Structure formats: structure tokens, C-alpha cells
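Structure first, then comments.
The values are calculated or read from the model by the stated rules, or taken from the named source; none is laboratory data. Values in this document were obtained by computation on a predicted structure and should not be read as measured data. Neighbour counts run over all protein chains shown; Cβ positions are idealised from the backbone, glycine included.
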Amino acid sequence: MVTNINLSSPENIEKKSISGKPALIISVIILAVVFGLYLFLKGMESRYVSQNENVLSQIETEKSKMNSPEFAEIIDFQNRLNLLDKIIDDHGYWDNMLKNMSGYIIPEARFSSISGKKEDGGDISISIAGIAPNIDAVSRELILLQSFPDLSSLEFENIGELQSTPETGGGGGVNFNVDLKIKDQAFQK
């Protein structure tokens, strides 16, 4: 006995379609969700724009502070610290001498390099290269260095005019070299 089985689906299946009031209600709900999402995104955009404007105004405020005299003083102080770090070069025995000598350095003068060596007589020969805004500042610095109590001798080597540099505040200046002979006791702690 052979049975004939039809595996195909019947062609007369009734499909449910949404029409009328249910279709209108679903369309209104979808439209309301899309409109709500649009309003939410617009609100987020306006919030972002106002926050962005606040941040930009804060940036401009900070930029204007960078051009102020206080910031220039901070940069000047940082340049002095950087030069001092180069000068000291991790030699602890220079600390006491530089601490004592710091009262004999005018604010306008900046030492760009300092080197020293011990002489046979016990004194220490120090060579200083410096930068000052003008010749008057160099002469005041030399007069002040001559009054340093542990100084044996001072020899002024040369002076030269500089071009515009950040160390001289953007204007020109003069560089100078001085050789000092310092008593050994200035290096004692």
C-alpha cells in the first residue's frame, strides 16, 4: 500500500493584516517615539553647545592669564631654576657657596654657566658666564660680587651684546664673563 503524503503548505492560509484603528494607533506610537527621540537629541545638542561655549570661554580666560605679567614672572623664575640646575650639576659642595653667594647676585643678572677648579694655593678658581639686560646691570653685579666676603680676587674678562633672547625678556642684552678666586672655606658646610 502506497500512501500519498502532500508536504506542501496549503495555499489558502489566512494572513492577519493590521488595518484601521490598530494600524493608526501603532503608527501614532512609533511617531511619538521618533519625535521624543528627536527632542531628546536636540536637548543633548543644545546642552553640549552650551558646555562647549563654557569650556571655550575658560580656555580664552586661561590664555589671557598666560599673557599677564604674573605668568611672565613665573616663566622667568622657571628659567632661573633651570639655569641653577645646570650650574649645580649635582655637586653638593657647591650648595653652601651658592647659598652664600646668592645674596650678591642682582635680580637682573642671570648666570648661564659656572665652572670651577681647585688652585694650588687652596683657593678655588670659578669662571662665570652671565647675561644682563644692559652694561649698567653688569657693573652693579661686579661691584656687588667684589663685596663677597670669601672672594680673593675678581677678574672681569669681557662683555658682548646679545640679540633678543627669552632670558633677557625678549629684548637684547649683554653677556659677560668673570673669573673669581674664592677661598676654600666658602665651600665648607
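Working only within the range 1-25, note down all residues that are of a type in the set (Val, Ile, Thr) and at pLDDT below 90.
If the condition is that a residue be of a type in the set (Val, Ile, Thr) and at pLDDT below 90, then Val2, Thr3, Ile5, Ile13, Ile18 are the ones that fit.
Applying the selection to the range 124-136, what residues are surrounded by 19 or more Cβ atoms within 10 Å (Cβ to Cβ) and farther than 11 Å from Phe176 by Cα?
Ile124, Ile126
Given the structure, is Asp136 free of Cβ contacts under 8 Å to residues at least 24 places away in the same chain and either part of a strand (DSSP E or B) or under 33 Å from the mean Cα position of the chain (by Cα) (or both)?
So Asp136 fits the description; yes.
Can you tell me which residue in the range 167-186 is nearest to Ser139 (Cα to Cα), limited to those that are touching a helix residue (DSSP H, G or I) at 6+ places or on another chain (Cβ under 7 Å) and modelled with pLDDT under 80?
Of everything passing the filter in the range 167-186, Glu167 is nearest to Ser139 (Cα to Cα).
Can you tell me which of (1) assigned by TED's automatic domain parsing to the domain that holds Lys118; (2) at pLDDT 85 or above is the one Leu41 doesn't meet?
Only one criterion is unmet by Leu41, namely (1).
Kindly provide the set of residues from the range 109-123 that are within 29 Å of the chain's Cα centre (by Cα) and buried (at least 18 other Cβ atoms within 10 Å of the Cβ), ordered by number.
Those that are within 29 Å of the chain's Cα centre (by Cα) and buried (at least 18 other Cβ atoms within 10 Å of the Cβ): Ala109, Arg110, Phe111, Ile114.
Report yes if some residue within the range 156-165 is farther than 23 Å from Lys181 by Cβ and modelled with pLDDT of 85 or more; otherwise report no.
No, every residue in the range 156-165 fails to be farther than 23 Å from Lys181 by Cβ and modelled with pLDDT of 85 or more.
Taking the range 132-144, which residues are under 17 Å from Ser102 (Cβ atoms) and out of contact with any Phe, Trp or Tyr (no Cβ under 7 Å at 6 or more places or on another chain)?
Ala137, Arg140, Glu141, Ile143
State whether one or more residues within the range 85-103 are among the acidic types (Asp, Glu), out of contact with any Pro (no Cβ under 7 Å at 6 or more places or on another chain), closer than 18 Å to Lys181 by Cα and loosely packed, with under 13 Cβ neighbours inside 10 Å.
yes
Please identify the pairs in which a residue from the range 87-109 that is modelled with pLDDT of 85 or more has its Cβ atom under 8 Å from the Cβ atom of a residue that is assigned to a loop (DSSP other than H, G, I, E, B) and surrounded by fewer than 16 Cβ atoms within 10 Å (Cβ to Cβ), counting only partners at least 6 apart or on another chain.
Tyr104/Ser147
Is it the case, given these coordinates, that Glu45 is of a type in the set (Asp, Glu), over 23 Å from Ala137 (Cα atoms) and part of a helix (DSSP H, G or I)?
When the stated conditions are applied, Glu45 passes them.
What number of residues within the range 119-129 satisfy the criterion of being in contact with a helix residue (DSSP H, G or I) (Cβ under 8 Å, 6 or more places away or on another chain) and in a strand (DSSP E or B)?
1
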